[in-house]
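Presented below is the structure to which this report refers.
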Amino acid sequence: MSRSVFYLVAVTALTCSQAFAQTEPSPIPPQKSMKLSEIIASVERRDKFQYIKEVEWEQEGYYEVTYYTTDKAKVEIKLDPVTGQPK
């Protein structure tokens, strides 16, 4: 009896975890996204741009880019992966 209960619990846990995994946001940008190089190029064209420190893909669906300007200001910007525009 205890083995069948164990198997039932194990199967239920595996089934629930698979269903949960399917509802998670995508860990990668959508298919119709711009190339990351194009998004970075658009940041590099911004006024007073100096250098990019970091680019991260956020599972909420955007790139977070941290860069510095020529006057040493730190800028953090969230960019839409499809349009390349700020969110």
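Only the coordinates and a few stated rules stand behind these numbers; no lab work does. All values derive from a computational prediction rather than experimental measurement. Heads up, the Cβs are rebuilt from the backbone with ideal geometry, glycines too, and the neighbour counts pull from every protein chain shown.
Count Lys and Arg as plus one, Asp and Glu as minus one, and take only other residues whose Cβ is under 14 Å from that of GLU64; the net charge is then -2.
Net charge dipole, the range 36-83: roughly 300 debye, given to the nearest 20, about the Cα centre with Cβ charges of +1 for Lys and Arg and -1 for Asp and Glu. Just to confirm a number: summing +1 for Lys and Arg and -1 for Asp and Glu over residues other than LYS87 whose beta-carbon lies under 13 angstrom from that of LYS87, what do you get? Net local charge, LYS87 excluded: -4.
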